[in-house]
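The values are calculated or read from the model by the stated rules, or taken from the named source; none is laboratory data. Just so it is clear, the model here is predicted, and its values are computed rather than measured. For neighbour counting, all protein chains shown are included, and Cβ atoms are generated from backbone atoms with ideal geometry for every residue, glycine included. Note: accessible area is taken over every heavy atom of the protein model, side chains too, but ligands, DNA and RNA are not part of it. Shrake-Rupley method; radii C 1.70, N 1.55, O 1.52, S 1.80 Å.
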Amino acid sequence: MFRQNTVVVIGAGAGVEYEMPLGSALVSSIAEDVRFRFDRARGLEPISGSVDLFHFLYHRFREDYDQLNRFMGAGNALASVLSSAVSIDDALYQLSETPEAVTLGKMCIVRSILKAEAQSTIRPSVRFARPDDNAGRDGWIEQVFSMAISGLKQSEMEFAFDKLTFVNFNYDRCLEHYLYWPLQRIGIDEPRAASIVQELKIIRPYGGIGSILPASTDFVAYGGETDLLKVIPRIRTYTESEAIHDGSALESAIVNARLVMFLGFGFHAQNMELLKVAQLGFRRVMATVKKVHTDNRLEISDEIMAKLRCENSKLVELFDMTAPEMLRELRPKVLLTVG
């Protein structure tokens, strides 16, 4: 188990193994969804763009054609900007003075996440309404779960995640969804599993879609459907001025951590700024840098050391591994540090 405070920082790369959208694929998909074109012969049915997204907007704004037309125009503007954008966040920043474009972009982010969840490797099976027992067993969340419950009796499972704080820069709910099921797989009943997941310390700098727990007021089923306009106020993009999180809680978690692990993180300047702390400390850092060019790694190491105020460079270690590889292959190192 984790006996000392540990922070797990989750980036987009950590979601790849669960089939979450990443980078250019997400940009391309959203551009295709919002490039609305019509043919008079087809009436209100678009000949390009997402039909179901158009129908959602049409039924919501059919009494206000001017607003509907603004959304159609904003969709085409967004598609055009996305043709040269490296991320949806950058495109929405360019169009931040067009509120319909920002709203439409965020709707597409939520749609893409929910669609990816529904098709993910850990999605519930149709037959059992839960993931297959082996789903995700090779993933990084299983590795964290395995370490967290090590050395605990079943009666002590409520303490498994006491020393863990997750800083999730993604919108998906793979973490919560996955942990909910293996707790039950090892014999914890559903109410206890739900309670343990509810108490997880998860900080989402840019918000999230909602809880995967049905009893929660902000419940949105994993891979399910929801009112997009109702959900989008819960999320921010990284180019917006204020993140949705408790900054003091985030800083406190890092200041008090013995170990900080970066999993699939991109080390974007604004995201690193959110992790900045003022207090120097003897905190160790382990970070995955799979597919990051070696010429970038010294600068990444220096940036981590500066923002997280590590006492010396030897405390920052970068590994040319994926998240599950690092947690699996370096499990003894992790547990000897905080176990």
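Considering all different alpha carbon pairs of the range 63-154, the Kirkwood hydrodynamic radius works out to 16.6 Å. Solvent exposure of the chain, expressed per residue, is 47 Å² of accessible area, with all protein chains present and a 1.4 angstrom probe. Protein heavy-atom surface of the chain, 1.4 angstrom probe: 49% of the accessible area is carbon and sulfur, with nucleic acids and ligands not counted. For the residues Arg42, Arg204, a 1.4 Å probe over the protein chains yields an accessible-area ranking, largest first, of Arg42, Arg204. In summary, the convex hull built on the alpha carbon positions of the range 182-315 has an orientation-averaged projected area of 10.8 nm². Among the listed pairs Lys115/Lys163; Lys153/Lys307; Lys115/Lys153; Lys115/Lys230; Lys115/Lys276; Lys106/Lys163, which have their C-alpha atoms separated by more than 27 angstrom in this model? Long pairs (Cα-Cα over 27 Å): Lys115/Lys163; Lys153/Lys307; Lys115/Lys153; Lys115/Lys276; Lys106/Lys163. Between the helical axis of 140-149 and the longest alpha-carbon principal axis of the chain there is an angle of about 40 degrees. Solvent-accessible surface of protein heavy atoms, probed at 1.4 angstrom with all chains present, puts Lys163, Lys153 in the order Lys153, Lys163, largest first.
Exposed loop sites here mean GluC sites (Glu not before Pro) with a DSSP loop assignment and at most 12 other beta-carbon atoms within 10 Å; the chain contains its longest site-free run at 98-198. Largest mean-square fluctuation among Gln143, Gln198, Gln67, in a Gaussian network model of the chain whose springs join Cα atoms under 10 Å apart, belongs to Gln67. Global size of the range 245-307: 11.8, 34 Å for Rg and Dmax (C-alpha atoms, Rg to one decimal, Dmax whole).
Each principal axis of the range 106-187 carries a Cα extent, and these read 43, 32, 20 Å when sorted largest first.
A straight Cα-to-Cα reach below 14 Å connects Lys314 with the aspartates and glutamates Asp302, Glu303, residues fewer than 8 places away in its own chain not being considered. Across the protein chains, with a 1.4 Å probe defining accessible surface, the residues Leu114, Leu298 rank Leu298, Leu114 from largest area downward. How far, in degrees from 0 to 90, does helix 294-308 lean away from the longest principal axis of the Cα atoms of the chain, to the nearest 10? With rounding to tens, the tilt is 80 degrees. Note that the range 1-155, at 4 °C in a medium of 1.567 mPa s, gets a Stokes-Einstein diffusion coefficient of 71 µm²/s from its Kirkwood radius over C-alpha pairs. From largest to smallest, the equivalent ellipsoid semi-axes obtained for the range 139-243 from the alpha-carbon gyration tensor read 27, 16, 11 Å.
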